[in-house]
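Novice: This structure is in structure tokens; I'll ask about it shortly.
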Amino acid sequence: MSTTYLIKNASVLGGDPQDLLLRDGIIADAGSLGPVPGTVVIDAGGLIALPGLVDLHTHLREPGREDAETVDTGTRAAALGGFTAVHAMANTDPVADTAGVVEQVWRLGREAGHCDVFPVGAVTVGLKGERLAELGAMADSAARVRVFSDDGKCVSDANLMRRALEYVKAFDGVVAQHAQEPRLTEGAQMNEGELSGLLGLAGWPAVAEEAIIARDILLAAHTKSRLHVCHVSTAGSVELIRWAKSKGHPVTAEVTPHHLILTEDLAKSYDPIYKVNPPLRSAADVQALREGLADGTIDAVATDHAPHPQEDKDCEWAAAAMGMLGLETALSVVQQTMVDSGLMGWADVADRMSVRPAAIGQVDDRHGRPLAIGEPANVVLVDPKAKRTVDRTALASLSQNTPYQGMELPGAVVATFLRGTATVLDGKLA
Ligand SMILES: [Zn+2]
């Protein structure tokens, strides 16, 4: 018999307090409930209840870079961040471009048990951009892959991108594009602009992202197949996606927490902790991304959690690896930038961090569900009044490359439940 939890007085999606009874993996009862014998009671007065968060973009690094992260450590970090599901990116070693590798990652996720792991399949063999990977075999595998991405690299060949879009239609899959025109970004180190000139770092122009997004929107419209745009980072990209949606084209998009809060100015420190792909952009871009997320043009917040060992970051800027941690701080960053700023309510947070990412990843039969009777008990409890100072040595991730070291951020995940089982209680792994 699994433990039954009675959550008392939680503010569901920021609304009026109510009780939730979690039993046998589902929300067995809800509303104003009396005592239930044999339950563990959780006083959730003042806490917000959200459906378990779903990340569309996580790098778990296993197989191949277990010195940076493993499925086990990465999913611990996810649970602590309030996630009940993550999509694991395919740029592992070996690349997740066969049924065998995606099933391996999927099994490791099941064994770890901290959250559901949905492997992303590579679009092209070895992420080389030369020929399509075995998309159908990955879709038919035990891992039931629905999201395909060469993330880290762009599917820059228009014909390959077209064929990938056509192929995934058969099983309502989606191609998640890392939009980076390779020729326009050769050797690029940071956002292209006045500052990159001043700092003497090679610029990464907005057009390199926007040109691919524009092309892929047209390909998605032409093929009538689903395109998802990874980590949108420029105001122009938001405009393109807004246009695509106004035309009814099947296009969705995500933004990372770090692109909602950090700007290119941080590159002045030459500290590679701020080196990321796509690069941190201008304050005007950050504002456009926040507005795009608030009005729903951008569908989802996705972490692009990218662990790197210390030695890959403790070097000069040009040599450093690109990427930052995100799972354990995502909700706090979203609270600060979107909720505490008045741009969104908690129901919007649930929509952008659970409901819509679950739908994009085709896992909305299990995740991103309403907190209602009969639904799977995937729940996160958040204390919006808590404050915490980020300490990179205290994170569950195997790596420490957080850009928020020493920063005070609002909000704390108090508890996370995966199908009614606590993965996090009192802010600690259960
Ligand atoms: Zn990427």
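The values are calculated or read from the model by the stated rules, or taken from the named source; none is laboratory data. Treat the numbers as computed from the prediction; the structure is a model and nothing was measured. So basically every Cβ, Gly included, is an ideal-geometry build from the backbone, and we count neighbours across all protein chains shown.
Novice: Look through A77, A90, A99, A122 and report the one residue that is in contact with a Gly (Cβ under 8 Å, 6 or more places away or on another chain) and modelled with pLDDT of 95 or more. It would help to see each step written out before you state the result.
Specialist: On the way: A77 fails: in contact with a Gly (Cβ under 8 Å, 6 or more places away or on another chain); A99 fails: in contact with a Gly (Cβ under 8 Å, 6 or more places away or on another chain); A122 fails: in contact with a Gly (Cβ under 8 Å, 6 or more places away or on another chain).
Only one candidate qualifies: A90.
Novice: Same structure, new question: Where in the stretch 291-356 are there helices (runs of 4 or more DSSP H), lying wholly inside it, with at least 1 residues that are under 24 Å from L371 (Cβ atoms)?
Specialist: Values: elements: 310-313, 330-334, 346-350.
In the stretch 291-356, 330-334, 346-350 are the helices (runs of 4 or more DSSP H) which contain 1 or more residues that are under 24 Å from L371 (Cβ atoms).
Novice: Every residue in the stretch 241-287 that is of a type in the set (K, R), in a helix (DSSP H, G or I) and farther than 18 Å from Q405 by Cβ, please. Spell out the reasoning first.
Specialist: Kept after step one, since they are of a type in the set (K, R), are these residues of the stretch 241-287: 242, 245, 247, 268, 275, 281.
Next cut, in a helix (DSSP H, G or I) only: 242, 245, 268.
Matches in the stretch 241-287: R242, K245.
Novice: So which of T98, T124, T84 is surrounded by fewer than 20 Cβ atoms within 10 Å (Cβ to Cβ), within 30 Å of A253 (Cβ to Cβ) and β-branched (V, I, T)?
Specialist: Numbers: T124 fails: surrounded by fewer than 20 Cβ atoms within 10 Å (Cβ to Cβ); T84 fails: surrounded by fewer than 20 Cβ atoms within 10 Å (Cβ to Cβ).
Unique residue meeting the criteria: T98.
Novice: Let me ask something additional. Out of all the residues in the stretch 241-283, which are of a type in the set (G, A, S) and either surrounded by 22 or more Cβ atoms within 10 Å (Cβ to Cβ) or out of contact with any Ser or Thr (no Cβ under 7 Å at 6 or more places or on another chain) (or both)? I'd like the intermediate steps shown before the answer.
Specialist: Residues of the stretch 241-283 that are of a type in the set (G, A, S), as a first pass: 244, 246, 248, 253, 267, 269, 282-283.
Once the filter is applied, which keeps residues that are of a type in the set (G, A, S) and either surrounded by 22 or more Cβ atoms within 10 Å (Cβ to Cβ) or out of contact with any Ser or Thr (no Cβ under 7 Å at 6 or more places or on another chain) (or both), the stretch 241-283 yields A244, S246, G248, A253, A267, S269.
Novice: Taking D72, is it more than 26 Å from G136 (Cα to Cα) and surrounded by fewer than 22 Cβ atoms within 10 Å (Cβ to Cβ)? Before the answer, list the steps.
Specialist: Working: more than 26 Å from G136 (Cα to Cα): yes; surrounded by fewer than 22 Cβ atoms within 10 Å (Cβ to Cβ): yes.
Yes.
Novice: Something else about it: Among the candidates R392, R369, R419, which residue alone is basic (K, R) and either in contact with an Asp or Glu (Cβ under 7 Å, 6 or more places away or on another chain) or closer than 24 Å to Q287 by Cβ (or both)?
Specialist: Details: R392 fails: either in contact with an Asp or Glu (Cβ under 7 Å, 6 or more places away or on another chain) or closer than 24 Å to Q287 by Cβ (or both); R419 fails: either in contact with an Asp or Glu (Cβ under 7 Å, 6 or more places away or on another chain) or closer than 24 Å to Q287 by Cβ (or both).
It is R369.
Novice: Is it the case, given these coordinates, that V125 is of a type in the set (V, I, T), over 23 Å from the mean Cα position of the chain (by Cα) and away from the ligand (no atom under 14 Å from the Cβ)? Even if it seems obvious, please write down each step before you answer.
Specialist: Numbers: of a type in the set (V, I, T): yes; over 23 Å from the mean Cα position of the chain (by Cα): yes; away from the ligand (no atom under 14 Å from the Cβ): yes.
Criteria met by V125.
Novice: For the stretch 130-151, which residues satisfy the criterion of being assigned to a loop (DSSP other than H, G, I, E, B) and within 14 Å of the ligand (Cβ to nearest atom)?
Specialist: Here is the first cut: in the stretch 130-151, the residues assigned to a loop (DSSP other than H, G, I, E, B) are 130-131, 133-134, 141-146, 149-151.
Correct list: S149, D150, D151.
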